[in-house]
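Quick notes on the structure that follows.
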Amino acid sequence: VPPTSAMSGELSPTTARLNTLAQRCDEHPFRGRSVSVVNDLSTEEQLFLYEAARKLKQAVQNGESHTDFQLSDSDIAVYLIFMENSTRTKESFRNAASYHGCKVNVFDCATSSFQKKETITDTIKMLCGYSVGQSLFVVRSNLEGTCRWLADAMAEHNRCNDIPRSSFINAGDGRHEHPTQEFLDEFSFLEHKNWDRSSIHLALIGDLFHGRTVHSKVDGLKIFAKVEVDLVAPAEIGMPPEYVSRMEALGYTVRKFESIDEYLTGDHVAPIWYFTRLQLERMGERVLDRLEALRNSVCFRRDQQSKLPPNTRFYHPLPRNAECPTIPFWLDDTPLNGWDRQSQNGYYTRIVLLGMLGGKLGADFKGRRTPQSVTTATPQVKFHTDNWGAPNFVEQVVAPFALGGLGGGKPETSGGYGAGAAQDKIECDDGIVVDNVGRGSPVVKIWDQLYRIRRILSWNVIGSHAVHQGDQNFGRIVLPNVEISFLDGKTVKKLAAMAPETELKVIKGGKVVSRYRLHMPPRIYNFPNIVCRNKACISNPTSMQREVVPYFERAPGAPPKSKEDADEVAKRYLLLCRYCERPHEFSEIWTMQDL
């Protein structure tokens, strides 16, 4: 019940103000939103940002009034929380916040309670309450997925504590993404191309493995109708396969080259080159041992300049390594220099982004507002919903008939796939059979899967299990004299996540009376035995961010057919960590530690 005036029964001034702020957030397309990855703004929303930044820049250059772009609200607080070093991102955001007349707080991580092992969640909870208006947090961290977690966690915290909704802006998280760098990059490309979005052809050169700015290109380049990307890097620092796959899935033309020399020997060289520095601080010893060879592969030389196409432009997110820059300093005063203006554009695009999230800009936006996200398509089949909380991953295989409220069908012999074969006979008169586990996998892998299921579901002391060999190996767990009510919704979801395409068979009098096929759940969370294997992820236990709960979403793509082999099931049922977006095969997220 909200606080009220004891005399009049009216809402207190504080609650009335917060209700007004909440209503304004709900009504405005951008106010109170967060930007953790590029896709948190739809393509149309990104184009709105670029057009607004274009108008602002023109107004400034022409000496015209630009007050319409300013928040001019000293109640709004902008916190700059940089747990890694920065010059351009930090200073452009600081000046952008000052432009808006906001309260600017440069948080000193080195002297904060981070040094006393405080989690970032506890820190942000405190800072959210130190402003009477909205708080916008610009966060750089080596923990991947930090802003996604904070946006999720603080939404509930702020609501429960009568605090205006906060916004979180990812200023770079490990080697994951750097969305606001991508926004200024795309703005710079558009300027160079005179705002022609029909196509773009660019080369990405340097440390593509650790460089988060090039990872953000996967989604940022979608503003162009046709995209050609040339990846120029030795294998040790090449673009991670998951990003290459996403580019190809989006219809980009992708080519790979080991060095600039190899690239320039061919034809169809890109007119836009985007360099990144070699991120020595993130490299292991094995890569550092080849440092000189890596530098020779991706650092531009004088003798290569004559081989460039006309009107080529170089870009770089900066900084450059003064000892061995990928773009040498003698190019600074040549027409190839696009990086200086690129850096300046960060000021304008970040002014506009703060203006959007602060509610000044975009009130009249009419384009698609729903951010692009992981899809969770499910099979077009009839799902069982009676006993397990309306799951959207349990397919009822046979038509129902009255049997203890479960439904069933015409009783069949207890066989399933390959019924009639001696090795497929189920030795069970009454109970539940978990059938077709790991179908098509090697025998050893199926045994591991059965062991994992029994340990995690605490089925160690009931029933039996076996692996059946044949054209397609499969595993089976038999739980005799067990009713279907033994499997609650949480257990069924765990089982589906550990062994998708498994079948549950209800046995009565030696006959299969009900069959349910388990597909991969769209989302997996709140289980004690799951973990993101990316040690840089904020949800990984090594990060010591104890409040963060591992959370996985099923990757886009149709679910496999029931008889596909295990390798195909694993490929199609990839799971993405909600925070760092690292892909996992479904077997990888489970841990038996502490069991």
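The values are calculated or read from the model by the stated rules, or taken from the named source; none is laboratory data. Please read all numbers here as calculations on a predicted model, not as lab measurements. Methodologically, a virtual Cβ is constructed for each residue, glycine included, from the backbone with ideal geometry; neighbour enumeration extends over all protein chains shown. These accessible areas exclude ligands, DNA and RNA; they are computed on the full protein's heavy atoms, side chains included. Shrake-Rupley method; radii C 1.70, N 1.55, O 1.52, S 1.80 Å.
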- [ ] For residues that are crowded, with 16+ Cβ neighbours inside 10 Å, of a type in the set (D, E, K, R) and not in a loop (DSSP other than H, G, I, E, B), tally how many sit in the range 24-34.
- [x] 1
TODO: Pull up the range 33-78, narrow it to residues that are among the small types (Gly, Ala, Ser) and under 20 Å from the mean Cα position of the chain (by Cα), then point me to the one that is farthest from Ser166 (Cα to Cα).
DONE: Ser42
TODO: Could you check Gly359 against (1) under 30 Å from Leu184 (Cβ atoms); (2) open to solvent by 20 Å² or more (accessible area, probe 1.4 Å); (3) modelled with pLDDT of 70 or more and say which number it fails?
DONE: (2)
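If you go through the range 263-271 one residue at a time, do you hit one that is crowded, with 21+ Cβ neighbours inside 10 Å, assigned to a loop (DSSP other than H, G, I, E, B) and aliphatic (A, V, I, L, M)? Don't jump to the end; show me each part of the working.
So in the range 263-271, the residues crowded, with 21+ Cβ neighbours inside 10 Å come out as 263, 270.
Cutting the leftovers down to assigned to a loop (DSSP other than H, G, I, E, B) gives us 270.
Imposing the further condition that a residue be aliphatic (A, V, I, L, M) reduces the set to 270.
Yes, there is a match, as at least one residue in the range 263-271 is crowded, with 21+ Cβ neighbours inside 10 Å, assigned to a loop (DSSP other than H, G, I, E, B) and aliphatic (A, V, I, L, M).
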Open item on the list: Please go through (1) modelled with pLDDT of 95 or more; (2) closer than 20 Å to Ser86 by Cα; (3) assigned to a loop (DSSP other than H, G, I, E, B); (4) among the aliphatic types (A, V, I, L, M) for Leu354 and return the number of the only condition it doesn't satisfy.
Closed with: (3)
TODO: Can you confirm whether the range 292-302 contains a residue that is part of a helix (DSSP H, G or I) and closer than 29 Å to Glu581 by Cα?
DONE: yes
Task: Residue, modelled with the lowest pLDDT, within the range 552-571, restricted to residues that are within 21 Å of Arg246 (Cα to Cα) and crowded, with 22+ Cβ neighbours inside 10 Å - done: Val569
Open item on the list: Give me the residue from the range 454-471 that is open to solvent by less than 60 Å² (accessible area, probe 1.4 Å) and in a loop (DSSP other than H, G, I, E, B) and, out of that set, farthest from Leu504 (Cα to Cα).
Closed with: Gly470
Task: the range 91-106, residues that are surrounded by fewer than 21 Cβ atoms within 10 Å (Cβ to Cβ) and closer than 25 Å to Asn142 by Cβ - done: Glu91, Arg94, Asn95, Val104, Asn105, Val106
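From the list Asp207, Asp261, Asp267, which residue is in contact with a Leu (Cβ under 9 Å, 6 or more places away or on another chain) and acidic (Asp, Glu)? Write out each step before concluding.
On the way: Asp261 fails: in contact with a Leu (Cβ under 9 Å, 6 or more places away or on another chain); Asp267 fails: in contact with a Leu (Cβ under 9 Å, 6 or more places away or on another chain).
So the residue among Asp207, Asp261, Asp267 that is in contact with a Leu (Cβ under 9 Å, 6 or more places away or on another chain) and acidic (Asp, Glu) is Asp207.
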- [ ] Please go through the range 440-453 and pick out each residue that is in a loop (DSSP other than H, G, I, E, B) and surrounded by 17 or more Cβ atoms within 10 Å (Cβ to Cβ).
- [x] Gly440, Ser441
- [ ] Sort out which residues of the range 240-262 are part of a loop (DSSP other than H, G, I, E, B) and either under 23 Å from Asn311 (Cβ atoms) or hydrophobic (A, V, I, L, M, F, W, C) (or both), and write them in order of number.
- [x] Leu250, Tyr252
Task: Residue count for the range 323-340, restricted to those that are surrounded by fewer than 17 Cβ atoms within 10 Å (Cβ to Cβ), at pLDDT 95 or above and either under 25 Å from Glu236 (Cβ atoms) or not aliphatic (A, V, I, L, M) (or both) - done: 9
TODO: Within the range 35-90, track down each residue that is under 22 Å from Gln134 (Cα atoms), of a type outside the set (Asp, Glu), outside any loop (DSSP other than H, G, I, E, B) and open to solvent by 40 Å² or more (accessible area, probe 1.4 Å).
DONE: Thr67, Lys90
Open item on the list: Regarding the range 239-258, can at least one residue be identified that is at pLDDT 90 or above and farther than 26 Å from Arg582 by Cα?
Closed with: no
Task: Selection from the range 285-335 of residues that are without any contact (Cβ under 8 Å) to a residue 60 or more places away in the chain, in contact with a strand residue (DSSP E or B) (Cβ under 6 Å, 6 or more places away or on another chain) and not β-branched (Val, Ile, Thr) - done: Phe314, His316
TODO: Go through Arg320, Arg350 for me and flag whichever is of a type outside the set (Asp, Glu) and open to solvent by 20 Å² or more (accessible area, probe 1.4 Å).
DONE: Arg320
Task: Restricting the range 107-143 to residues that are in a strand (DSSP E or B) and open to solvent by 10 Å² or more (accessible area, probe 1.4 Å), the residue that is farthest from Arg212 (Cα to Cα) - done: Phe107
Open item on the list: Go through (1) under 21 Å from Arg246 (Cβ atoms); (2) in contact with a strand residue (DSSP E or B) (Cβ under 6 Å, 6 or more places away or on another chain); (3) at pLDDT 90 or above for Leu574 and report which single condition fails.
Closed with: (3)
